[in-house]
Amino acid sequence: MTDRRIVVLQSFPEPRATTNPYIVMLAQAIRAQGDAELLTFSWRTALTRRYDVFHIHWPEILVEGRTPLRALVRQLLTTLLLVRLAVLRIPVVRTVHNLELPEGINRRQRFLLGRFARLTTLRITLNPLTPLPEGAEAVTILHGHYRGWFEGVPRRSTVPGRLGYFGLIRRYKNVEGLVAAFRGLPRDASLQIGGRPSTPELAADITALAAGDDRISLSFGFLTDEELVAIATAAQLVVLPYREMHNSGGTLAALSLDRPVLIPDNDVNRALAAEVGEAWVRRYPGELTTEVLLHALEAVRDDPPTGRPDLSAREWTAVGAEHVGAYRRAVQLAGARSHATAAAQRRRYSW
């Protein structure tokens, strides 16, 4: 294996305009290594092509569908894929983006996701504080930055007193709480929110909370890079008030654009602040309140961060090399387990 290129099937399809930039940059970084061939996902490729490793990011995507029929078809195809991975002993590498399974999944989906978990040979964590199952093999590879991705995209002048939020809008991201807390701020403050809500009901709730306050600007829908950069760089402070935050691409996007962030206080975010600079990562305990927002705005006004956040540990060249190293390790682990299983069977049936 060390003498030839390793072939890796990723769980994402060929990137499109709306694809998460992390996925695009990861594919570019892996291909740039020269000793790995990266295949993007299609069911034909997954079920018929030869590959050494299957790298899965968000396994729930494989068992979901826009309609019940599409979801059932995907679940049947996922079952075939699981059988192929098990029979051919193809190691599974999983990047642990989220700690919990998504809400609303049914028993069949939960079963299939559990099978993926049991087949996983190696987990990639995006920070060293990610909890793992007992005995799980894992390696930490930090989430790369977005500086190269946003290079050349026009930036806006910072608006004093401006708070900004960008990204997908889901219930757990607590945008409703941000709007409610903002409304108590002085009149010279403003709030700009941009992103695609997960449901029409959520969009309606946020719109109702913002009604009558002309300082609040709402832009619902997919954000282009230009729109995201405009929101982030116009903000004096980017606020990401998630109720649960473990790995946040939005935080790294803001830092990559040299904007300070306000995020919940936890072990992961304290470690991030120590890494990039405390002045860039402001944190709050408990619930987001008007007092929290006011204090954070006063802090960035009176003691603004200087220079740039230190993102040197998140260069994509290193990220790509570390992924290829993880794939080779997964192949070695799978080989060792296969030999151990074969040896155990020989002992079992020897007389």
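Structure above, values below:
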| item | result |
| --- | --- |
| Tyr242 being hydroxyl-bearing (Ser, Thr, Tyr), in contact with a strand residue (DSSP E or B) (Cβ under 7 Å, 6 or more places away or on another chain) and free of Cβ contacts under 8 Å to residues at least 60 places away in the same chain | no |
| Of all residues making up the range 121-146, the number that are free of Cβ contacts under 8 Å to residues at least 60 places away in the same chain, surrounded by 14 or more Cβ atoms within 10 Å (Cβ to Cβ) and more than 18 Å from the chain's Cα centre (by Cα) | 1 |
| Candidates Ala204, Ala181 - the one that is assigned to a helix (DSSP H, G or I), without any contact (Cβ under 8 Å) to a residue 12 or more places away in the chain and either buried (at least 21 other Cβ atoms within 10 Å of the Cβ) or of a type in the set (A, V, I, L, M) (or both) | Ala204 |
| Hits in the range 28-78 (condition: part of a strand (DSSP E or B) and within 25 Å of Phe111 (Cα to Cα)) | Val53, Phe54, His55, Ile56 |
| Filter result for Ala235 (out of contact with any His (no Cβ under 6 Å at 6 or more places or on another chain), assigned by TED's automatic domain parsing to the domain that holds Phe166 and within 17 Å of Arg155 (Cα to Cα)) | yes |
| Check on Leu38, without any contact (Cβ under 8 Å) to a residue 60 or more places away in the chain, farther than 22 Å from Gly148 by Cα and out of contact with any Ser or Thr (no Cβ under 8 Å at 6 or more places or on another chain) | no |
| Among residues of the range 281-328, those that are in contact (Cβ under 8 Å) with a residue 60 or more places away in the chain and within 30 Å of Ser190 (Cβ to Cβ), counted | 11 |
| Only one of Leu293, Leu311, Leu255 that is of a type in the set (A, V, I, L, M) and in contact with a His (Cβ under 6 Å, 6 or more places away or on another chain) | Leu311 |
| Matching residues in the range 9-23 - criterion: being among the hydrophobic types (A, V, I, L, M, F, W, C) and either assigned to a strand (DSSP E or B) or without any contact (Cβ under 8 Å) to a residue 40 or more places away in the chain (or both) | Leu9, Ala17, Ile23 |
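Yes or no, residue by residue, for (1) of a type outside the set (S, T, N, Q); (2) within 17 Å of Phe12 (Cα to Cα); (3) in contact with a Lys or Arg (Cβ under 9 Å, 6 or more places away or on another chain):
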residue: Arg44; (1), (2), (3): yes, yes, no
residue: Pro59; (1), (2), (3): yes, yes, yes
residue: Thr67; (1), (2), (3): no, no, no
residue: Thr79; (1), (2), (3): no, no, yes
residue: Val93; (1), (2), (3): yes, yes, yes
residue: Ala117; (1), (2), (3): yes, no, yes
residue: Thr125; (1), (2), (3): no, no, no
residue: Thr130; (1), (2), (3): no, no, yes
residue: Val139; (1), (2), (3): yes, no, yes
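The values are calculated or read from the model by the stated rules, or taken from the named source; none is laboratory data. As the structure is a prediction and not an experimental result, all values here were calculated from the model. Positions of Cβ are generated from backbone atoms using ideal geometry, with glycine treated the same way; all protein chains shown enter the neighbour counts.
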